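The values are calculated or read from the model by the stated rules, or taken from the named source; none is laboratory data. If you're wondering where the values come from, they're calculated on a predicted model, not measured in any experiment. Cβ placement follows ideal geometry from the backbone for every residue including glycine, while neighbour counts extend to all protein chains displayed.
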């Protein structure tokens, strides 16, 4: 909230929140994850972005297994 009180916008606040999350919970955040994002442009138009991670076409269950 302090970012917004100091004149920042929603993007500034999102970046600050992501940086904090990377410090307090690095295993739950980072470059290897994905996200769903909704952006509303001034004037009413909204966009939804699906940036979830995907596996390669030839990936199998064995790749993700700790026993392999």
Residues within region 1-42 that are in contact with a helix residue (DSSP H, G or I) (Cβ under 9 Å, 6 or more places away or on another chain), under 27 Å from residue 55 (Cα atoms) and in a loop (DSSP other than H, G, I, E, B), tallied: 2
Search result, residues across region 1-19 that are at pLDDT 85 or above, over 13 Å from the mean Cα position of the chain (by Cα) and exposed (fewer than 11 other Cβ atoms within 10 Å of the Cβ): 2, 5, 6, 7, 9
